[in-house]
Amino acid sequence: MTRTTPPRPLDLTTVFPELATMSRDVTRLHPRSGSPTVEDSSLGGPLLWPQDEPWPTCTRPHEVHTVEELAAVRAEHHRAVARWSRPDDEPYTPEEEASGGDRSGPRKIDSPYTGPVPLLPVAQLYARDVPDLPAPDGSDLMQILWCPFMDHDDEFPAIQVHWRSADKVTAVLSPPPEPTVIEMDGYWPAPCVVHPERATEFPAVEQLPAAVGARIRERVDAWQEDTGHFYIEFAVAPGWKVGGWGVVSSDHRDTVDPPRCECGAVTEPLFTVALSEWNGDDRGGWRPVEDADADGQSGYPPAGDPTQIDLGDEELQVYRCPESYEHPTMTERVYRVL
């Protein structure tokens with residue numbers, strides 16, 4: 001099923017002509033609960049990982065005090081998906097009832113938790129599915145994994161990004177290693193198929209060149225007061241996505257510069273791990289046409305939060321160096337108010 005962003009309710013370039021040359025293409029991934037295979041683009045699905053290539057691990061110390069059993073978290077998710085795929089008045093099957101008593105919830109452990117810890121699959125995206133997927137020459141597949149323990153000594157999650165050529169994977173590692181425990185269930189991405197769609201973004205005011213930002217800032221507060229809308233609602237697409245302008249921290253700084261690579265180059269947004277698929281009451285008009293009635297429907301997981309990822313009030317922005325794919329990617333956890 002496709003997902004279609006409605007026509008924009010407001011043309012920002014009409015209100016702020018300075019933005020006419022500052023749009024960027026972004027691919028909204030539109031994840032929805034499913035059962036992807038290694039041949040599919042997915043979030044939280046299995047990876048097309050070569051049998052002869054070591055599975056990545058995290059060997060850093062982890063400030064972890066409670067954990068959950070991954071197998072129990074996964075079983076409860078699949079049980080809930082199966083239950084909500086049927087009519088509301090249809091009860092659990094005996095098998096589902098039997099599988100529902102295995103989860104004991106968080107348990108305390110000694111800290112720090114020592115590794116190595118197998119990483120969890122977060123995303124697998126094929127170039128055939130994602131327009132303009134950033135990838136080195138000869139590669140057509142991007143894979144992203146992260147550590148199931150989010151809080152490291154530098155407060156950033158440990159993420160790895162791998163690019164590869166899918167047709168060179170002749171034997172797939174199955175089953176791949178996985179951690180027995182995770183820090184909390186919100187760090188396990190529930191399996192989702194994706195419905196990629198290209199859209200257009202504009203920079204947040206803080207991301208604009210100084211002169212342009214100053215001109216727009218002079219008018220944006222009055223415009224927001226008159227219309228009841230925030231500029232960011234219409235400029236930056238919510239949800240899991242590739243490319244675009246990314247997300248920035250809403251801490252009222254005058255400028256928000258992307259991090260610089262170790263080579264000195266200014267990095268570019270690569271991948272966004274989102275809070276939700278649309279903003280609150282969707283005043284920005286980003287909710288797909290096909291999900292117009294989603295708020296009135298019961299079910300699990302909800303269309304607006306299909307991956308069940310929970311990073312509190314933060315989203316995660318992954319950046320890449322435009323000079324070389326061999327340079328390490330960078331991450332920032334950013335607070336988004338919308």
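Within the range 149-186, the set of residues being among the aromatic types (Phe, Trp, Tyr) and modelled with pLDDT of 90 or more comprises Trp163 only. Condition (residue is in a strand (DSSP E or B) and either more than 19 Å from Trp146 (Cα to Cα) or assigned by TED's automatic domain parsing to the domain that holds Val236 (or both)) applied to the range 46-63: is it met by at least one residue? Checked the range 46-63: no residue is in a strand (DSSP E or B) and either more than 19 Å from Trp146 (Cα to Cα) or assigned by TED's automatic domain parsing to the domain that holds Val236 (or both). Screening Arg86 against (1) closer than 20 Å to Ser35 by Cβ; (2) crowded, with 16+ Cβ neighbours inside 10 Å; (3) modelled with pLDDT of 75 or more leaves a single unmet condition, (2).
Cβ-Cβ contacts under 7 Å between residues 6 or more apart (or on different chains), taken from a first residue in the range 274-299 that is within 26 Å of Arg86 (Cβ to Cβ) to a second residue that is among the polar types (S, T, N, Q) and crowded, with 16+ Cβ neighbours inside 10 Å, are listed as Pro288/Thr5. All of Asp293, Asp310 fail the test of being touching a Gly at 6+ places or on another chain (Cβ under 8 Å), closer than 30 Å to Arg74 by Cβ and among the acidic types (Asp, Glu), apart from Asp310.
Out of Ala237, Ala171, which single residue is out of contact with any helix residue (DSSP H, G or I) (no Cβ under 9 Å at 6 or more places or on another chain), more than 23 Å from Leu43 (Cβ to Cβ) and touching a residue at least 60 places away in the same chain (Cβ under 8 Å)? None of the others qualify; the one that does is Ala171. For the range 1-40, the set of residues classified as in contact with a Pro (Cβ under 7 Å, 6 or more places away or on another chain), assigned to a loop (DSSP other than H, G, I, E, B) and of a type in the set (S, T, N, Q) consists of Thr4, Thr5, Ser35, Thr37, listed by residue number.
In the range 272-310, the residue that is nearest to Asp11 (Cα to Cα) out of those that are surrounded by fewer than 18 Cβ atoms within 10 Å (Cβ to Cβ) and of a type in the set (A, V, I, L, M) is Val289.
For the range 194-204, residues that are buried (at least 21 other Cβ atoms within 10 Å of the Cβ) and either at positive phi or not in a loop (DSSP other than H, G, I, E, B) (or both) total 1. Exactly one residue among Tyr126, Tyr113 is under 24 Å from Leu43 (Cα atoms) and either at pLDDT below 75 or among the hydroxyl-bearing types (Ser, Thr, Tyr) (or both), and that residue is Tyr126.
The values are calculated or read from the model by the stated rules, or taken from the named source; none is laboratory data. Worth saying up front: this structure is predicted, and the values here are computed from it rather than measured. Cβ atoms come from the backbone with ideal geometry, glycine included; neighbour counts cover every protein chain shown.
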